[in-house]
Amino acid sequence: MTALLEEVNWLATLVDLVLGSPADMGPSDADLAAVVRHAITLAAAGACCAPSLEVLDPVRVQGRGPALERAVLCLLDNAIRAAGQGGHVTVVVSQHGGLGRVVISDDGPGLGRLAPQHSLGLTTVRAILADCQGGFSLRNGDHGGAVVTMEVPRVAWTVAS
């Protein structure tokens, strides 16, 4: 039990280092489309396929932009790796009720059919999204590949025009 607790504490410390301190992270709300656009730019730099982006709704969400960008980047890296050379990755940003939503789909082999990389990518994503009361889900796509849906609470206020 002691070894397990040490492992959990080590992982928690590592995730905290990845997330950074709140003072270093900037404002606590972000333009979700801008976050995703920047993450796609970073992910596409060394990728074997270029993700496409569709922004259905402008949405401002709770959460720190750099941390949310890291979460999106982790999910994009997985999708790009799964899609492989000549594959396709699509990203859709929208709002659904009180949530901002990012859906990332790839045409790779689907969940559980790709050699795992033993990293903390999904653990990091979970921690980042939990920090802003968000979450994500994974499923196989209807026509192959994988689909990840990331949801983050929208900012409660809006500016009247």
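The values are calculated or read from the model by the stated rules, or taken from the named source; none is laboratory data. In this text the structure is predicted, and so the values were computed from the model without any measurement. With ideal geometry, Cβ positions are generated from the backbone for all residues, glycine too; neighbour counts draw on all protein chains shown. Only protein heavy atoms, including side chains, enter the accessible area calculation; ligands, DNA and RNA are left aside. Shrake-Rupley method; radii C 1.70, N 1.55, O 1.52, S 1.80 Å.
Quick notes on this structure:
- Subset of segment 27-59 (residues that are open to solvent by 60 Å² or more (accessible area, probe 1.4 Å) and part of a loop (DSSP other than H, G, I, E, B)): 27, 28, 45, 46, 50, 56, 58
- Only residues that are surrounded by 13 or more Cβ atoms within 10 Å (Cβ to Cβ) and hydroxyl-bearing (Ser, Thr, Tyr) were counted across segment 117-139, and they come to 2.
- Restricting 3, 12, 67 to those that are part of a helix (DSSP H, G or I), at pLDDT 90 or above and not polar (S, T, N, Q) reduces the list to 67.
- Here segment 93-114 is the region considered, the condition is being closer than 16 Å to residue 30 by Cα, surrounded by fewer than 23 Cβ atoms within 10 Å (Cβ to Cβ) and at pLDDT 95 or above, and the residue that is nearest to the chain's Cα centre (by Cα) is 101.
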